[in-house]
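Report on one structure; see the data block that follows.
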Amino acid sequence: EPAPGAHSAAVNPQTAAQRGGTTDVIRMELVQSGGHAQVKGTDLLPGMANYFAGPDPAKWRTNIPTYAKVRYSAVYPGVDLVYYGNQSQLEYDFEVAPQADPKAIRLRFAGARKLELTVDGDLAVSAPDGEIVFHKPVVYQESNGHRQSVQGSFALEADNTVGFKLGEYDRTVPLIID
């Protein structure tokens, strides 16, 4: 039996309806980002989207292109943040340009009770009614069609903040933190 006050590493949260309508909100924020990132859709998908919200045709939007990825350029100097869908999950990669400093990347989880690293290196973000688990980062570089793995893990910091701890890598080649 766990010690009093211990938390399970894997919580199976109930739906908001099952909990009586309450929902926890956790916000993942970029710490000390410049705030001037350029946002652009990439990898154009076939087809267009239409939004017919409300009765006023002046507010309708038609023939909106759709993209597989959304790139936030320069969230930190030399670092882009790319969001994309992977089946039913939203994923993100940090793309670090040659000579850029990946130590600048820091994520704060506002609204979290606490952050913990699991024995597998995953990040467990605890909320009052459940837990969100972020898988251990996969870090790599690509050169001439060859992918080279780089040692990488989450690094816990104060104030519900994490960064990344990285092993040696070639600073003349882009680095991906997936």
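Odds and ends about this structure:
- If you count Lys pairs in the chain whose Cα atoms are under 28 Å apart, skipping same-chain pairs closer than 8 places in sequence, the total is 14.
- Cα-centre dipole for the stretch 98-178 with unit charges at Cβ (Lys and Arg positive, Asp and Glu negative), debye to 20: 160
- With at most 16 neighbouring Cβ atoms within 10 Å, loop trypsin sites (Lys or Arg not before Pro) (DSSP) excluded, longest segment of the chain: 20-112
- Considering only A100, N144, A127, and ranking their Cα positions along the charge dipole of the stretch 56-156 that arises from unit charges at the beta-carbon of Lys, Arg, Asp and Glu, the one farthest toward the positive end is A100.
- Segment S143-A155, extension gain: residue separation times 0.36 nm, minus the distance between their alpha carbons: 1.6 nm
- Solvent-accessible area, 1.4 Å probe, carbon plus sulfur percent, for the chain: 51
- Across the alpha-carbon atoms of the stretch 56-150, the computed radius of gyration and Dmax are 17.6, 54 angstrom.
- Debye-formula intensities of the stretch 21-64, expressed as log10 I(q)/I(0) at q = 0.23, 0.25, 0.33 Å⁻¹, are -0.85, -0.87, -1.23 (one equal scatterer per alpha-carbon, no solvent).
- Residues of the stretch 29-178: accessible area per residue with a 1.4 Å probe, Å²: 63
- Cα-based Rg of the chain normalised by 2.2 N^0.38 Å, two decimals: 1.24
- Backbone phi angles across the stretch 155-163, fed through the Karplus curve with coefficients 6.51, -1.76 and 1.60 (θ = phi - 60°), yield HN-Hα couplings of 10, 6, 10, 6, 6, 6, 10, 10, x Hz in residue order; Gly and Pro are listed as x.
The values are calculated or read from the model by the stated rules, or taken from the named source; none is laboratory data. Please read these numbers as outputs of a predicted model, since none were measured by experiment. With ideal geometry, Cβ positions are generated from the backbone for all residues, glycine too; neighbour counts draw on all protein chains shown. For the accessible areas, the whole protein counts, side chains as well, though only heavy atoms, and no ligand, DNA or RNA atoms are used. Shrake-Rupley method; radii C 1.70, N 1.55, O 1.52, S 1.80 Å.
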